[in-house]
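Please treat every number below as a calculation from the coordinates, not as lab data. Values in this document were obtained by computation on a predicted structure and should not be read as measured data. Quick reminder, even Gly has a Cβ in these numbers, built from the backbone with ideal geometry, and neighbours come from all protein chains shown.
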């Protein structure tokens, strides 16, 4: 057996501080038993895309999935990502070979087409976008019951809302561990893959308290200030319970595909910035995109109540249609793709987009205009808002590279939760609508890692620096599953 424990989107800095203080004993014991390695990850630019690489072993340019709501060129519109084909997850490869998997809460995943064993999502908590509820087989819900709803709603939260979220996230790792132990007690599995997404959402919401209004209840603020480390402690305790139940000789991998730190994203400002750059100067409507204006106009609590009354499929379809509402594809040479961390820009290319207007000969000049224009925007303190703008075709080649945005906007590394907008002498001011995403924490450019604790296997001799796809390759090597098409190299061998 090999067991993968996903300490999801954990901050390396916070983990190291807590390990040094002796507050994560289960993770520390596994590290002492094996070794820790950094993993090269597509999360440098595409945090959501890293999960598909982790689960499948297929690199980003070849699977093309990078965001929950993604533009489909043939439809000239955004769709929820399940409308696009995904590469088979490693548990689908095992199932094709007659091997069994226990998988709980695979983040930003989807029900497999081929499966064997027990799989369930939405156990620790449910998020209709990234952790929708499903179980295979359907009666697996009896041993892995659904967790509470905790769908992230962008916008400024209240302290009371965060207090309720804290309670859900503190309980979530134990719920996942309880379900895993029940299933491990009744069935043998070749792969056990358990994800703890509570650490992920806690990083977004509890990194600091900058998203809260000043003042408020001092006792509540004190509690919330310690919530992130509380959740990490709960994840570590759940890890320890599961490792203690594994059979002798089981290999263990603890991993995270993305990191977490202070939120530096200005993605909500990018539609307005891009509109002004393409217009060549200030324009009347140079503020945030339509969906960000809606989020600012309707309080998060009201939007949460409205969303709760809608069926999941309808809510997802409505969000997808709102993402680029108001974009006139008959006129715009480029548009800001939905994003919540780095900024994404896609050219409206003729021959690729259904209604594209930019010819191949014009593309380079449009890109040059965008790159030069975005570089002129400054934060309120006068420092550049944009660190760089990169062409994705040069960074992520592959069979589905056309699914990716053409440009990635990398923001400067200063916190972005407390200012109202950006300004350019040439293009004018672009003001933030509301509070943006309301996240105090967001993903770092990298910080993927793995702790490998061998059981019956032994350490493989590396032929290059480890990458995220190596996790799936390691599972294939240990279990004997088909590894065709997996880009990684095994970290363990039998």
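Points worth noting:
- Cα-based shape type of the stretch 1-124, given that a ≥ b ≥ c are square roots of the gyration tensor eigenvalues and the cut on a/c is 1.5: oblate
- Order of 220, 187 under a 10 Å beta carbon neighbour criterion, fewest first: 187, 220
- Legend: calculated FRET efficiency, residue 16 to residue 391, from the Cβ-Cβ distance at R0 = 25 Å, rounded to 0.05, equals 0.15.
- Cα gyration tensor shape of the stretch 264-437, rounded if a/c is under 1.5, else prolate or oblate by comparing a/b with b/c: oblate
- Separation of alpha-carbon centers, the stretch 21-64 and the stretch 105-136, rounded to whole Å: 19 Å
- 0 to 90° range, to nearest 10: angle between helix 47-56 axis and the chain longest Cα axis: 30 degrees
- The chain: angle of helix 470-479 to the longest principal axis, Cα-based, in degrees nearest 10: 30 degrees
- Protection proxy ranking for 173-182, 383-392, 305-314, 148-157, using the average of other Cβ atoms within 10 Å per residue and placing the highest first: 173-182, 148-157, 383-392, 305-314.
- Between the Cα long axis of helix 360-374 and the first principal axis of the chain there is an angle of about 90°, rounded to the nearest 10.
- Pair-distance distribution P(r) for the stretch 338-479, from all Cα-Cα distances in 5 Å bins starting at 0: 2, 7, 13, 16, 14, 12, 12, 10, 6, 5, 3, 1, 0 percent.
- For residue 213 and residue 142, the difference between the fully extended length at 0.36 nm per residue and the C-alpha to C-alpha distance is 21.4 nm.
- Only one item in [x] 124; [y] 254; [z] 142 matches volume of the Cα convex hull per residue in Å³ derived from the coordinates shown, and that item is [z].
- Measuring spread by the Cα atoms of the stretch 196-251 yields a radius of gyration and Dmax of 15.9, 53 Å.
- Net length gained if the chain between residue 318 and residue 369 were fully extended (0.36 nm per residue, minus Cα distance): 15.1 nm
- Rounded if a/c under 1.5, otherwise prolate or oblate - the stretch 132-183, Cα gyration tensor axes: oblate
- Nitroxide proxy distance, nm - points 7 Å out along Cα→Cβ at residue 186 and residue 113: 3.0 nm
- Compactness of the stretch 1-58 as Cα Rg over 2.2 N^0.38 Å, two decimals: 1.29
- Antiparallel content of DSSP bridges confined to the stretch 264-437, in %, to 5: 90 percent
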